[in-house]
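So the structure is just underneath, and the comments pick up after that.
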Amino acid sequence: ILGEHLRICPQGYTCCTSEMEENFANKSRSEFEAMMKEAGRSVQMTLTAQHRSFDSYFQDLLNKSEKALYDAFPSMYGELYTQNIKVFKDLYSELRRYYRGSNINLEEALNEFWTRLLERLFKLMNPQYHITDEYLDCMVKHAEQHKPFGEVPRDLKVKATRAFIAARSYAQGFLVGSDVVKKVSQVSLSHECTRAMMKLMYCPHCRGMSSVKPCSNYCLNVVKGCLANQADLNTEWKYLMDSLVIVADRIDGPYNVDTVIGTIHMRIAEAISNLQENKDSITAKVFQGCGNPKISTKGSSSEDKKRRGKVTLEAKSSAQALEMLVLDAKGNLTALKTYWITLPGSLCSKKVMASSVADDKCWNGMTKGSYLPEVMGDGLANQINNPEVEVDITKPDMTIRQQIMQLKIMTNRLGNANIGNDVDFQDASDDMSGSGSGDSCPDDVCGKRLSKSPSTRQPETHAIPKQSGHGINGASSRSLPSAFLLLLLSVAFIAAQHFWR
């Protein structure tokens with residue numbers, strides 16, 4: 001029949017009614033959206049599988065360390081352990097909560113552990129004295145100069161903080177990437193894209209050419225136009241993938257989680273042994289600084305009768321498992337880097353089954369023949385002259401822009417993790433070499449930082465990521481006050497001009 005009634009397909013002779021054309025349009029839209037979700041699910045599965053593997057490995061490391069402590073400490077330390085079980089349990093609980101994303105200052109949690117442990121052990125090792133809370137406060141204040149646990153607290157704080165920050169950000173990075181893909185893959189086709197997709201996929205049927213496949217370049221122009229906003233994810237997506245690879249190298253390198261997390265119980269045992277070996281001199285120094293406490297009427301304890309000796313704890317290394325995890329992750333992350341800009345080609349070749357024949361035997365949108373227009377570039381800005389899809393480049397999709405911001409925030413967090421810096425609790429102490437106040441500078445470039453007591457440091461939550469030098473280098477959020485000042489100056493200048501008129 002004559003196709004004067006058709007609104008999308010060419011109006012020549014046709015075998016489609018208006019109702020059939022509308023049904024085909026709805027069918028093409030639902031099929032293309034289903035293809036987008038299917039492609040996205042594949043990426044989501046890859047990223048969630050990587051998260052699951054690392055998360056399982058990391059949690060297992062922490063569990064084994066805690067179990068080793070519970071198994072060995074009762075026989076090794078007697079009452080020093082049995083009367084302080086909660087202190088050790090609370091430490092591992094805080095470490096887990098931090099890793100899972102709780103808003104915890106990790107350094108302060110470690111400092112609190114050593115303080116509580118010192119208070120308990122000092123009382124147990126001096127049972128003949130009546131030691132009040134006020135006396136313990138004085139003792140703790142002098143502890144830093146006496147170093148009752150040796151160098152273990154400081155060394156563990158530096159290494160464990162870096163390892164946990166890297167591990168937490170690394171695990172979060174996979175989840176954020178997966179969530180971005182999920183949300184972007186659910187974005188509906190516009191009215192213009194529905195028409196273009198119908199013309200591409202089902203108009204050949206209406207012309208009696210159901211076996212003729214779309215021309216490859218024609219398909220690319222349609223899909224690039226319809227996925228223009230998605231392609232704009234490409235830059236930030238690549239930065240996220242690159243940042244995850246860099247942090248993966250840290251996890252299996254300088255911040256080796258296998259060595260650090262798997263030996264926490266051993267470091268605690270080493271610290272307690274240091275305290276035991278130097279008990280007399282430390283007690284004398286405390287008495288000198290805080291005065292002699294009153295003699296207790298309760299008598300002595302059996303603390304001195306417990307076993308002593310060198311720490312014999314061992315840590316079972318899983319370094320090879322970590323190395324394999326990192327290698328697998330890096331391979332997948334590298335493969336996913338170009339996902340958003342290769343998606344149109346992938347959908348055209350595998351899903352829409354566009355013709356690979358560059359001649360006059362493919363569907364060009366009007367008939368069977370060759371397709372002459374050039375292929376558009378990637379992204380929204382390049383669609384201004386798209387011959388197949390009418391794209392308003394002045395109106396970006398807000399859902400996708402929000403996801404671009406999520407990628408920026410996560411990349412910024414990974415950039416900080418790369419230098420041992422927590423984006424929620426940015427450190428400015430000398431203990432964390434290479435950590436400026438959010439400056440993503442390499443370890444060998446960062447200079448000395450202002451010292452600040454961890455116990456008084458307040459959390460900083462960065463909602464706005466760095467805008468330049470994505471990933472590992474770039475200007476920090478400290479540039480915001482300068483920008484605000486410039487804005488005020490500009491407003492003042494405009495107001496002055498208005499006044500003099």
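The values are calculated or read from the model by the stated rules, or taken from the named source; none is laboratory data. The shown structure was predicted, so the numbers you read here are calculated from the model rather than taken from an experiment. Because the Cβ atoms are built from the backbone with ideal geometry, glycine has one as well, and the counts that use them run over all protein chains shown. Side chains are part of the model used for accessible areas, which takes the heavy atoms of the whole protein and leaves out ligands, DNA and RNA. Shrake-Rupley method; radii C 1.70, N 1.55, O 1.52, S 1.80 Å.
Assuming a ≥ b ≥ c are the square roots of the Cα gyration tensor eigenvalues, decide whether segment 59-165 counts as rounded (a/c under 1.5), prolate (otherwise, with a/b larger than b/c) or oblate. Show your work: numbers first, answer last.
Working: a/c = 2.06, a/b = 1.39, b/c = 1.49.
Here segment 59-165 falls in the oblate category.
Hey, for a label at Lys294 modelled as a point 7 Å past Cα toward Cβ, could you say which residues of segment 129-153 have their backbone N under 19 Å away?
129-139
What's the center-to-center distance, using Cα atoms, between segment 94-159 and segment 169-222 in Å?
58
Suppose R0 equals 25 Å; then what is the FRET efficiency for Ser102 and His142 from their Cβ-Cβ distance, rounded to the nearest 0.05? Display every interim value, and only then the final one.
On the way: r = 32 Å, r/R0 = 1.28.
Efficiency, rounded to the nearest 0.05: 0.20.
Assuming a ≥ b ≥ c are the square roots of the Cα gyration tensor eigenvalues, decide whether segment 112-207 counts as rounded (a/c under 1.5), prolate (otherwise, with a/b larger than b/c) or oblate.
On the way: a/c = 7.37, a/b = 5.12, b/c = 1.44.
Prolate shape, in that a/c is at least 1.5 and a/b is the bigger ratio.
Name the residues of segment 190-206 whose amide N is less than 20 Å from a point 7 angstrom out from the Cα of Leu2 along the C-beta direction?
Output list for this probe position: 206.
Once you keep just the Cα pairs under 8 angstrom separated by 6 or more residues, what percentage relative contact order results for segment 1-102? Could you put the intermediate results ahead of the total?
On the way: 29 pairs, mean separation 11.7, N = 102.
Once normalised by length, the contact order is 11 percent.
Going 7 Å from the Cα of Lys86 in the Cα-to-Cβ direction, what parts of segment 100-129 have a backbone nitrogen less than 11 Å from that spot?
Correct set: none at all.
Given R₀ = 51 Å, what would the calculated FRET efficiency be for Lys64 paired with Lys27, taking r from the Cβ atoms and rounding to 0.05?
Values: r = 55 Å, r/R0 = 1.07.
Once rounded, the FRET efficiency stands at 0.40.
Please give, to one decimal in nm, the separation of the simple spin-label points placed at Ile393 and Ser53, each 7 Å out from Cα toward the Cβ.
Spacing of the two 7 Å Cα→Cβ label points: 4.1 nm.
Top to bottom by accessible area (1.4 Å), largest first, where do Tyr339, Tyr70, Tyr218 land?
Details: Tyr339 25, Tyr70 60, Tyr218 0 Å².
Heavy-atom accessible area, descending, gives Tyr70, Tyr339, Tyr218.
Quick one: length gained pulling Ser349 to Thr132 fully straight, 0.36 nm per residue minus the C-alpha distance?
Working: separation 217, 0.36 × 217 = 78.12 nm, distance 7.72 nm.
Here the segment from Ser349 to Thr132 would lengthen by 70.4 nm.
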